[in-house]
Number of protein chains: 2
Amino acid sequence: MGDVDSSPVDADPDPDPGRIARTPEPPYTAVIFTSLHSGNADGYARMATRMFRLASEQPGYLGHESVSEREAGITVSYWTDHTTAAAWKQVAEHLVAQQRGQDVWYADYAVRIATVERDYTRADSVTSNTGASGGNQG
Amino acid sequence: MGDVDSSPVDADPDPDPGRIARTPEPPYTAVIFTSLHSGNADGYARMATRMFRLASEQPGYLGHESVSEREAGITVSYWTDHTTAAAWKQVAEHLVAQQRGQDVWYADYAVRIATVERDYTRADSVTSNTGASGGNQG
């Protein structure tokens, strides 16, 4: 390992891409996007970076989490409500990316629009486990 | 359980682990589990395989999707309702796995319990795009 990984290509503009989103108290909207990759990833990484940045500029955007394997990926984006999530779907540049996704990158995908009603983190669990058992079961 | 668990290493019992779940018409419950890996994966793969199998035997289980990178993972499990999802959280063997996850495998994680109100797949989008535009915006 040299000094740092000053990776020339992936100058990632997002300091924390796809890690755990810091969302507010529920309720809020989650859009769960599960995809099977076609095997043709030409231009995909560039588009993904661009779309995450564009999404983050939209009204109602709360954050996103994204994990990808060779064959499949899951991206969850969080929004204040269904209206802002739906508005993002209609943003012009995003429409183009969706169409290209359909045509080129994805063998299949599913989109699920959901209302998050409860959430907790590792820190919450550790706290609840040291206190009363049963924890934050809602 | 008789002489199960004879799987020495990765004799994957799940023919389609973590691909796109075939869920029924909404509404149903999604449990979104996002994790940051600690770097210690000892026993993790075995536990994960075992937990997916055990989950699939629980009342109300509809399917799951799971994608993992070196540093992070997202698993979404689908349930008929919040009650069956909460019951799974309390299954004894799962509790042990959760505790071990907290102690060993995960640097951090978030769990979000959500109601899926709308969903569509690639096939739906292709259909709607060839028909009227605007599609299944809900």
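The values are calculated or read from the model by the stated rules, or taken from the named source; none is laboratory data. These numbers were taken from a predicted model, which means no experiment stands behind them. Positions of Cβ are backbone-derived with ideal geometry, glycine not excepted, and every protein chain shown enters the neighbour counts. These accessible areas exclude ligands, DNA and RNA; they are computed on the full protein's heavy atoms, side chains included. Shrake-Rupley method; radii C 1.70, N 1.55, O 1.52, S 1.80 Å.
Results, tabulated for the structure shown:
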{"quantity": "Pseudo-label separations to other copies for A:Thr83 - Cα-to-Cβ vector, 7 Å, nm", "calculated": "3.4"}
{"quantity": "Computed label-point distance, nm, for sites B:Asn40 and B:Thr84 using a 7 Å Cα→Cβ extension", "calculated": "3.5 nm"}
{"quantity": "15 Å beta-carbon shell around A:Arg112, net charge (K/R +1, D/E -1)", "calculated": "-2"}
{"quantity": "Rounded to the nearest 10 Å², the accessible area of A:Glu57 at probe 1.4 Å", "calculated": "120 Å²"}
{"quantity": "The stretch A:79-130: C-alpha gyration tensor shape, a/c 1.5 cut-off, then a/b vs b/c", "calculated": "prolate"}
{"quantity": "Area of A:Ser56 that stays accessible when all protein chains are in place (1.4 Å probe, Å², to 10)", "calculated": "60 Å²"}
{"quantity": "Local net charge near A:Ser125, Cβ-Cβ under 14 Å (Lys/Arg +1, Asp/Glu -1)", "calculated": "+1"}
{"quantity": "Sequence of A:Leu54, A:Leu36, A:Leu95 from largest to smallest accessible area, 1.4 Å probe", "calculated": "A:Leu95, A:Leu36, A:Leu54"}
{"quantity": "Virtual spin-label span in nm between A:Gln58 and B:Leu95, 7 Å along Cα→Cβ", "calculated": "4.1 nm"}
{"quantity": "A:Lys89 - accessible surface, heavy atoms, 1.4 Å probe, Å² rounded to 10", "calculated": "30 Å²"}
{"quantity": "Gain in span if fully extended, A:Asp103 to A:Val126, counting 0.36 nm per residue against the direct Cα distance", "calculated": "3.8 nm"}
{"quantity": "Label geometry 7 Å along the beta-carbon vector: A:Arg22 inter-copy distances in nm", "calculated": "4.3"}
